[in-house]
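Here is the structure we will look at.
The values are calculated or read from the model by the stated rules, or taken from the named source; none is laboratory data. Since the model is a prediction, treat every value here as computed from it, not as a measurement. Because the Cβ atoms are built from the backbone with ideal geometry, glycine has one as well, and the counts that use them run over all protein chains shown. Protein only, heavy atoms only, side chains kept; ligands, DNA and RNA dropped before computing areas. Shrake-Rupley method; radii C 1.70, N 1.55, O 1.52, S 1.80 Å.
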Amino acid sequence: MTRTFLGMPATAPRGVGHLRGDESFPVAARRGLADPQLRRNLGHATGTIRAKSAAVIGELPDWAQLRAAGRAIKTDTMARLPELLEQLEAAVTRAGGTVHWAADAVEANRIVTDLVRGTGAERVMKVKSMATQEIGLNEALAEAGIEAVETDLAELIVQLGDDRPSHILVPAIHRNRAEVREIFLRAMPGVDPALSDEPAALAAAARRHLRETFLSTRVAVSGANFAVAETGTLAVVESEGNGRMCLTLPETLITVMGIEKVVPTWRDLEVFLQLLPRASTGERMNPYTSMWTGITPGDGPQVFHLVLLDNGRSAVLADPVGRAALHCIRCSACLNVCPVYERAGGHAYGSVYPGPIGAVLSPQLTGVADNASLPYASSLCGACYDACPVMIDIPSILVHLRGQAPHPRAERATMAAAAYTMDRPVLYAAAQRAAKLSRLAGRRGRGLPPPLSGWTASRDLPQPPPESFRQWWASR
Amino acid sequence: MSRELILGRLRAALGAPRPAPADPPRAYRGAGALAVDLDVLVDRLTDYRATVHRCGDADIARVVDQVLGGRQVVVPPELPRRWLPDSVRAVPDDDLPAARIAALDGVVTAAAVAVAETGTVVLDGAPDQGRRIITLLPDVHVCVLRTDQVVATVPDAVARLDPHRPLTWISGPSATSDIELNRVEGVHGPRNLHVIIVA
Ligand code: SF4
């Protein structure tokens, strides 16, 4: 192996993990479009969360300043990523943890599988983690005879329903309460047949179902929302307490983290802990945030492994325009405001990363050729940029990636995406005109009309994209 | 080895020259920018379905009796004994097994910091707060907070906390937004959170 080969940024390998769909976006989107129940569930859920989020963001007079700080911290982080990772490794090691480096999904799966095998455990419990879904860890563990139990309510709904996640934050967002009840009645052992579809009753059923698992499982696998290079501190932000269970009860904790999750300093968390919950679940603060630094003698897991995952991230970093996609803190606000996501549903994006962020992240992780239709899975209305708490200019990255799509396939993708959009010309034309007009109005200080007014009340509006999808199409 | 491989890839991806490290603009309200308003804390805790009690130091045991009288509770090793009424059977945590803790009705702890603006209580594992497990398994958590532990904003809390301790930020009882995105109390953590603010 030569030095030059060693240094080449690499995309995520094929044949492992969940970054590539089986079909192109426009084809897959047709299924979502044809499912009125899915659209109702999504419309209701995203509407609810937009309103909640707008309300708590409106409470902060300095939201615009927090966003600017968030973006600057992430930009600085990416510029110093190798050094920060080395610093993180040293700090975690000092605090009693062990750091592993995984060049891709195959290596990460092997590292985790070997670590679990080393403990002798045949079952691990998991707290929701995009990174482990991305690499297909559960399948790799299953091949090794190790059962992975998802402990998030939504992941449990997906796992019991033999389904796929469709949203970053709420993987079962496409299911309503009645459907959840049916899944529980069908697939949850020992569930009370009189179970109602009240969310509180459904949550209580999950509590009973998982208690024994929490108390008896010796190994947990988690993701991480943040890792502080300066101190070696890891943070997991959650709601239900299943994260705390996984981070506190087992003997061994294995955390798999994309390398872009590092932040330089402890103080930086003061920014992200304000941005994330308000943009994400629309709460002032999520119910639980756990932070740990290596091992604490006598408290929590006494063995801690941190797996740092590349799997295409170095390739994303290599693109000066596209690398801003690595700034994402996985809040899912861009999904919740996206008219295309709301109509097509999360499954249409193929990859575990759906919605606007998925449309810019997945093609870069895999190489644009492997996800050539995703850069077209957008009308470039710009709502995602407005909503993003770290100000990722998703529309500009989409346009940039369209330029990279291999030509013949790009044509096909464009045709299909256009057909899908043009199918609903009245609605789309109206939506686009409204978005563009209100963005212009917003720049004169009036902000967006409801439901987006809350987003803009305390945010600075970006420039409208130079041309809308329809204008762009018409000019071709 | 993949460590060198990844670091090499990242250096190649960034190319040269690299920009100098930049201090991010911190024009938001930082630590010390805002005065503490206890009413805001009470409002935010209540909004997320925590039950708030306000009392003097001499009345803590009376409030604990109201919430947990007649029940068995786990307590951290150095919880002030005067906080516990006779009506409560206290089991000190001397490395109790998880199943034993799970079988108890509640837990009483102190706190490290509370954030008024977000209605958040932070525990840092000090001897009056104990291991993380004891505030996780029982269904009722009573947390005693001194007013001088309350700060206004998240930056104030980050400035006060020690990242080398295990930290648990708690904002209301366990909840989920996973079903139709409505916050519903009560999944895996304590379903009842009582905060006693001691003047
Ligand atoms: S791109 Fe921005 S809005 Fe979308 S999930 Fe990431 S941080 Fe949130």
Practice task
Rounded to the nearest 100 Å², what's the accessible area chains B and A bury against each other, both chains counted, probe 1.4 Å?
Solution key: 7500 Å²
Problem - Cβ-placed point charges (K, R +1; D, E -1), dipole of the protein assembly as shown about Cα centre in debye, nearest 20 - result: 1980 debye
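Using the Cα centre of chain B as the reference point, and only Cβ charges (+1 on K/R, -1 on D/E), how large is the resulting charge dipole? Debye, rounded to the nearest 20.
Roughly 640 debye for chain B.
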Handout entry: Surface/4 of the Cα convex hull for the stretch A:1-140, nm²
Key = 14.4 nm²
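Give me the net charge of B:Val52's neighbourhood, meaning all other residues with Cβ under 15 Å from the Cβ of B:Val52; Lys, Arg count +1, Asp, Glu -1.
Overall, the nearby charge balance is -1.
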Exercise for the section: Using every pair of alpha-carbon atoms in the stretch B:6-54, split the distances into 5 Å bins beginning at 0 and state the percent of pairs per bin, rounded to integers. Expected result: 4, 13, 12, 10, 9, 9, 7, 7, 7, 13, 7, 2
Fill in the blank from the handout: Cα gyration tensor of the stretch B:33-198 diagonalised, 5x eigenvalues square-rooted, in angstrom largest first, produces semi-axes 23, 19, 16
Practice task
Considering only DSSP beta bridges where both residues belong to the stretch B:33-198, give the percentage that are antiparallel (nearest 5).
Solution key: 25 percent
Handout entry: Percent antiparallel among DSSP beta bridges (both partners in the stretch A:239-332, rounded to 5)
Key = 10 percent
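Which number do you get for Rg(Cα) / (2.2 N^0.38 Å) in the stretch B:106-199?
For the stretch B:106-199, the normalised Cα radius of gyration is 1.07.
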Practice task
Tell me what the protein assembly as shown gives for mean residue ellipticity at 222 nm when only DSSP H runs of n ≥ 4 count, each as -39,500 (n - 2.57), the sum divided by the residue total, rounded to 500 deg cm²/dmol.
Solution key: -12000 deg cm²/dmol
Exercise for the section: May I ask you to evaluate 6.51 cos²θ - 1.76 cosθ + 1.60, the Karplus curve with θ = phi - 60°, for each residue of the stretch A:338-349 and list the ³J(HN,Hα) values in order in whole Hz, giving x for glycine and proline? Expected result: 8, x, 6, 4, 4, 8, 8, x, x, 5, 5, 7
Handout entry: Nonlocal amide H pairs with A:Val124, under 5 Å, H built at 1.01 Å
Key = A:Glu147, A:Ala148, A:Val149
Exercise for the section: Please list the radius of gyration and Dmax for the protein assembly as shown, considering alpha-carbon atoms only, with Å as the unit. Expected result: 24.4, 81
Handout entry: Fraction of accessible area attributable to carbon and sulfur, the protein assembly as shown (%, probe 1.4 Å)
Key = 53 percent
Exercise for the section: Mind checking the per residue accessible area of the stretch B:33-198 for me, 1.4 Å probe, whole number of Å²? Expected result: 34 Å²
